[in-house]
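The values are calculated or read from the model by the stated rules, or taken from the named source; none is laboratory data. Predicted model, so just to flag it, every value in this text is computed and none were measured. Counting neighbours? That spans all protein chains shown, and the Cβs are built from the backbone with ideal geometry, glycine included. Keep in mind that these areas ignore ligands, DNA and RNA; they rest on the heavy atoms of the full protein, side chains included. Shrake-Rupley method; radii C 1.70, N 1.55, O 1.52, S 1.80 Å.
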Amino acid sequence: MAAADPLPSDLARLFSELVEGTLTDEGFAELDARLAADPEARRLYARYVELHDALGRRWANAPPATSPALRVASRSPARVIATGLAGVAAAVVVAVLLPPAGPPPDVATEPPAAPHATLVAARDAVWADPNVDQALSAGQLPGVGLRLESGTAEFLLADGATVVARGPAVVRFPARGRVAVDLGRVFCRCPTPASRVVVETPAGEVIDLGTEFAVESRPDRTARVAVVSGEVRVGSASGPSLRKGQSAEVRADGLLVVRAITAAELAELCGAAPSAEAPGHAGDNLLLDPGFDRGLATETWGGTEGHLSPDPGGRTGPGLRVSARGFASFPLCRQRVRTGDLGGKLLVASVWAATPADDPISPGQFAGLKVVFLDGNDREFGFVKQHLLTGRPVPGRFEQVRLAAIAPPRTAAVSVQLILYAARRDAGAVVFDAAALSVADVPPAP
Amino acid sequence: MDDDRSRQFVMLFARHERDLYRYVLTLLPSPADAEDVVQEAATALWQNFESFDPDRPFLPWACRFAYHQVLNFRRRQKTHRRLFSGAVVEALAVEWPAHADGADARCEALDRCLGKLPPADRDLVRLRYASDEEVGALAGRTGQTPNALYKSLQRIRKGLLDCVARTLNQER
């Protein structure tokens with residue numbers, strides 16, 4: 001049976017009765033026999049469990065803690081997590097690792113359902129209504145718009161997403177997995193599929209598809225959306241999508257203008273000033289060594305020996321040529337950047353590239369910008385990348401690519417790499433110029 | 001265990017807790033049983049976290065512990081619980097990583113498939129999963145008999161599962 005073949009009706013009945021608790025002993029024996037004999041039945045069963053769980057996760061209202069041992073905790077899960085991160089006893093840390101939503105409470109004294117969101121951190125936060133401050137501090141969530149005059153407030157949503165509001169802002173949490181931004185800026189981080197959120201603004205909705213993104217809602221009922229990583233949809237579930245490195249201006253009449261994001265814009269939306277100049281400018285930019293404007297300095301950048309050479313045809317001056325020459329699949333130049341603990345920092349990398357007229361790349365060859373994350377032992381454990389010069393690039397015409405990511409925990413250094421995907425051909429080259437990296441702080445994770 | 005290690009554990013577990021629960025729920029059909037086992041597994045993971053190699057993926061490591069907790073649970077409960085046979089549990093456990101692969105894409109496809117449901121079906125599935133009440137109790141609100149509601153939910157879930165598979169197949 002192919003992966004897209006439908007679920008047989010007899011298995012659908014057995015699965016459904018199993019999850020609803022109505023399967024008879026005979027039915028259970030039949031199901032067990034089918035699963036024992038048929039790998040496809042096991043695959044479909046695993047898919048069915050996944051579907052059932054996803055639907056429950058999407059709409060469940062029950063509090064996550066159901067076992068007696070956990071009911072004694074008077075603090076909300078979010079607050080205990082925050083405490084756990086500060087380094088409390090093992091038992092407490094384990095206690096916050098709650099299993100998912102379970103059966104309904106069986107006693108009348110069960111605590112009320114968890115709020116849709118809980119305040120977990122605040123920095124210089126001034127609320128317009130002092131009662132709001134008191135309620136939030138007590139782990140409650142007022143049902144009114146939360147007007148934050150200044151400072152930042154970080155909320156943990158019931159399904160694990162983080163929403164950081166930066167004053168002045170007015171936010172509400174009208175339902176589980178939804179945040180309404182009536183005014184101001186929020187930054188959303190949704191680490192798992194289950195934690196995805198929908199952001200409501202007067203200009204329309206922003207539907208997270210697994211990402212980190214910022215939203216600004218303005219008084220004129222327009223909004224701005226910037227995607228740091230992953231993807232969002234704007235307007236509706238079938239609306240246009242924005243991917244990492246893109247931003248959009250959104251209007252209530254449906255107009256959407258998508259454009260590349262800038263480092264300064266990201267930093268502004270994310271609520272932190274960049275610690276380095278924006279890409280393309282001199283200063284503290286880590287990749288801009290003093291000789292950079294005249295080309296990539298070989299003492300700064302290493303790479304695939306025999307495939308790198310200076311090139312006079314950079315965008316603003318000399319650049320660096322990476323040539324295929326048939327030897328390596330991915331000849332590249334790279335620079336390792338170490339600035340202490342980079343975990344949680346916002347990294348924005350960019351580079352310009354063109355294929356030269358005297359040695360143009362052919363179909364199947366293209367260029368790439370890659371940022372590799374390294375731990376304290378210089379071991380690579382993750383990366384982000386962006387391709388350019390795909391399709392049929394015009395020789396000599398420069399394209400810029402930019403990528404943004406939040407460095408994962410453990411990141412002690414990054415390796416910025418400019419790559420030619422050479423497809424093992426003897427010909428084809430790319431000239432890179434104006435590579436840059438900026439590092440900025442973003443609101444911390446809970 | 002130092003603070004960094006504690007923090008790392010909490011982050012890793014929070015990131016993978018849902019996958020771990022699905023893994024256990026696949027092996028133990030009762031959600032209540034699965035929750036108990038996940039909680040026991042969490043304790044075991046914490047106690048053994050020093051042996052976790054951070055250069056290796058967390059979920060397979062966690063699943064191994066959870067699998068042993070499932071076996072322990074079965075040994076304790078087998079006299080009065082409805083449990084899959086040992087061969088089925090073993091096969092499901094071995095095959096689960098392959099079965100779980102692509103869950104994010106399926107989750108996105110499910111969103112789209114839910115959007116394609118007729119409003120009445122969507123309301124029904126929402127009612128079922130947004131409520132703590134049993135289906136029998138919900139039937140009265142929908143004007144259906146419990147049996148009819150069970151059948152409707154069976155039909156809708158099958159439709160959603162088929163739609164997700166079809167959607168992903170079309171995107172390949």
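Rounded to the nearest 5, what is the percent of antiparallel bridges among the DSSP beta bridges in the stretch A:144-244?
95
Quick one: helix B:119-130 against the long Cα principal axis of chain B, what's the angle to the nearest 10°, folded into 0 to 90?
Roughly 40 degrees between the two axes.
Calculate the mean, over all residues of peptide A:32-45, of how many other protein chain Cβ atoms lie within 10 angstrom of the residue's Cβ.
Mean inter-chain Cβ contacts per residue within 10 Å come to 4.
Compare A:TRP352, B:TRP61 by solvent-accessible area with a 1.4 Å probe and give them largest first, with all protein chains kept in place.
Descending order: A:TRP352, B:TRP61.
Separation between the A:THR22 and B:ARG64 pseudo-spin-labels, each 7 Å from Cα along Cα→Cβ, expressed in nm?
Once both label points are built, they end up 4.3 nm from each other.
Using only Cα atoms and rounding to the nearest 10 degrees, what angle (0 to 90) does helix B:86-100 make with the longest principal axis of chain B?
The two axes meet at around 80 degrees.
In whole angstrom, note down how far apart the Cα centers of the stretch A:19-56 and the stretch A:135-204 are.
The distance from the Cα centre of the stretch A:19-56 to that of the stretch A:135-204 comes to 38 Å.
Enter the mean number of other protein chain beta carbons within 10 Å of the beta carbon of each residue in B:6-15, as an integer.
6
Could you compute the FRET efficiency for B:ASN48 and B:ARG112, with r as their C-beta to C-beta distance and R0 at 45 Å, rounded to 0.05?
0.65
Can you tell me the dipole magnitude for the stretch A:9-59 around its Cα centre, using point charges on the Cβ only (Lys, Arg +1; Asp, Glu -1), in Debye to the nearest 20?
Result for the stretch A:9-59 is approximately 360 debye, rounded to the nearest 20.
Could you rank the peptides B:10-18, A:227-235, B:163-171 by their average count of other C-beta atoms within 10 Å per residue, with the highest value first? Before the final figure, lay out the partial values.
Details: B:10-18: 19.6, A:227-235: 21.6, B:163-171: 16.0.
Most protected by this proxy first, the peptides run A:227-235, B:10-18, B:163-171.
Can you give me the angle between helix B:103-116 and the longest principal axis of chain B, using Cα atoms only, in degrees from 0 to 90, rounded to the nearest 10?
10
Apply 1/(1 + (r/R0)^6) to the Cβ-Cβ distance of B:ARG75 and A:ASP129, taking R0 = 56 Å, and write down the FRET efficiency to the nearest 0.05.
So, using R0 = 56 Å, E works out to roughly 0.50.
How far apart, in nm, are the 7 Å Cα→Cβ label points at B:SER85 and A:ALA357?
With each label placed 7 Å out from Cα toward Cβ, I get 7.5 nm.
Just tell me how shielded B:100-113 is by partners: mean number of partner chain Cβ atoms within 10 Å of each residue's Cβ, no decimals. Each step should come with its number before you reach the end.
On the way: counts 4, 0, 1, 5, 4, 1, 5, 11, 7, 0, 6, 8, 2, 1.
So the per-residue partner count for this stretch is 4.
Tell me which residues come under 5 Å, amide H to amide H, from A:ARG425 once H is placed; ignore anything under 5 positions away on its chain.
So A:ARG425 has HN proximity to A:GLY326.
Once the whole set of protein chains is in place, how much accessible area is left on A:ILE207, using a 1.4 Å probe, in Å² to the nearest 10?
A:ILE207 exposes around 30 Å² with every protein chain in place.
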